[in-house]
Each structure stands twice: as C-alpha cells, then as structure tokens.
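Undergrad: Supplied in structure tokens, the structure appears directly below.
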Amino acid sequence: MARTSTYLHFSGDAEAAFAFYKAAFGSEFDGPIERMGDLPAQPGQPELSAAERNQVASVKLPIPGGHLLIGNDAPAWMGTLVHGNAMDIGIELDTHAEAARIFTALAEGANVEFPFQEMGDGNYFGTLVDKFGAQWLVSSPGPA
C-alpha cells in the first residue's frame, strides 16, 4: 500500500520528541526504535561515539489519515540541522474535538502562531511550532 510519510531530523532529542508525539496523537510506535549502533557501518563513516551509538536511527509513528511520521537523530558528521519556515506538517482531523485535542497537546511548550479557532465557515484551523521545532497546521472541516 502506498502512503506518504514525513521524516523529521533532530539534534539528539528524537526520542523525546517522538514520546511527545506518541502522547499527543495517542498512537503507538510502528515497530521498535532503531539505534545508530544497530546499523552496519558505512564505508568512510567515522566511528560512532557511545552517545552516538545510542541515538535514534529510526522511529516510526502512525498518525491520523494513514500518515507515517518518521524521525531520527542526525549525527554531527551528517552536518548542521537548520529549522526553517518552508514546510509545515498539515493534519486534518474528522472532528473539531479531535483536532482541538491534538492541537492542545502539540501546543505544550510551543509557539502558537495562530490559535485553533473557527474560521467563519465552520472550519477550524490553527498553526504552531512545537517545542522541538516542527511546524504544524491542524484543521477540521465544518460544520461541527
């Protein structure tokens, strides 16, 4: 079955971020968390430190709509991560109540750019940058 996924890279806090997303969405990981130390070394790859071996190589979390959220910790040798404003993760929920619940959960420690609210046509919408730097658009269709 084909599906779309979003891949998020972190600077050492992927496990904390995905524990947060797991609680926010009320979902379970799709398989175990893979660690950098579990992967075979690639030709020319520097030897990983003990801390790097424990970093997340891959974690997968199904979220509503059949979407898969995937993440990892990017080791220093992969380069510097830069958070930008060129992409958002958009999620449309079936009900206002579910959308409000998820928005509120993601808003913990976040920068809420546009509060989740009714848009005048029965649709609800809100945007935020969560405490891990991921940008979210949360919506639900009207009428309630």
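Laboratory data are not the source of any read-out in this text; all were calculated from the coordinates shown. Quick caveat: nothing in here was measured; it's all calculated off a predicted structure. Positions of Cβ are backbone-derived with ideal geometry, glycine not excepted, and every protein chain shown enters the neighbour counts.
Undergrad: If you scan the stretch 36-86, which residues turn out to be touching a strand residue (DSSP E or B) at 6+ places or on another chain (Cβ under 6 Å) and among the charged types (D, E, K, R)?
TA: Across the stretch 36-86, the qualifying residues are Lys60, Asp73.
Undergrad: Among the residues that make up the stretch 1-19, is at least one of them surrounded by fewer than 11 Cβ atoms within 10 Å (Cβ to Cβ), basic (Lys, Arg), in contact (Cβ under 8 Å) with a residue 24 or more places away in the chain and not in a strand (DSSP E or B)?
TA: Within the stretch 1-19 (the criterion being surrounded by fewer than 11 Cβ atoms within 10 Å (Cβ to Cβ), basic (Lys, Arg), in contact (Cβ under 8 Å) with a residue 24 or more places away in the chain and not in a strand (DSSP E or B)), the answer is yes, since at least one residue qualifies.
Undergrad: Looking at (1) buried (at least 16 other Cβ atoms within 10 Å of the Cβ); (2) part of a helix (DSSP H, G or I); (3) small (Gly, Ala, Ser), can you tell me which one Ala51 breaks?
TA: Unmet for Ala51, out of (1) buried (at least 16 other Cβ atoms within 10 Å of the Cβ); (2) part of a helix (DSSP H, G or I); (3) small (Gly, Ala, Ser): (1).
Undergrad: Among the candidates Leu128, Leu137, single out the residue that is surrounded by fewer than 19 Cβ atoms within 10 Å (Cβ to Cβ) and touching a Phe, Trp or Tyr at 6+ places or on another chain (Cβ under 8 Å).
TA: That would be Leu137, the only listed residue that is surrounded by fewer than 19 Cβ atoms within 10 Å (Cβ to Cβ) and touching a Phe, Trp or Tyr at 6+ places or on another chain (Cβ under 8 Å).
Conditions tested, residue by residue: (1) without any contact (Cβ under 8 Å) to a residue 40 or more places away in the chain; (2) under 15 Å from the mean Cα position of the chain (by Cα).
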{"residue": "Ala23", "(1), (2)": "no, yes"}
{"residue": "Val56", "(1), (2)": "no, yes"}
{"residue": "Gly65", "(1), (2)": "yes, yes"}
{"residue": "Ala86", "(1), (2)": "yes, no"}
{"residue": "Ala105", "(1), (2)": "no, yes"}
{"residue": "Pro115", "(1), (2)": "yes, no"}
{"residue": "Phe125", "(1), (2)": "yes, no"}
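Undergrad: For the stretch 74-83, does any single residue satisfy the condition of being in a strand (DSSP E or B) and crowded, with 16+ Cβ neighbours inside 10 Å?
TA: No, the conditions are met nowhere in the stretch 74-83.
Undergrad: Which members of the stretch 116-133 meet the condition of being under 17 Å from Glu92 (Cβ atoms) and not polar (S, T, N, Q)?
TA: Phe116, Glu118, Met119, Asp121, Gly122, Tyr124, Phe125, Gly126, Leu128
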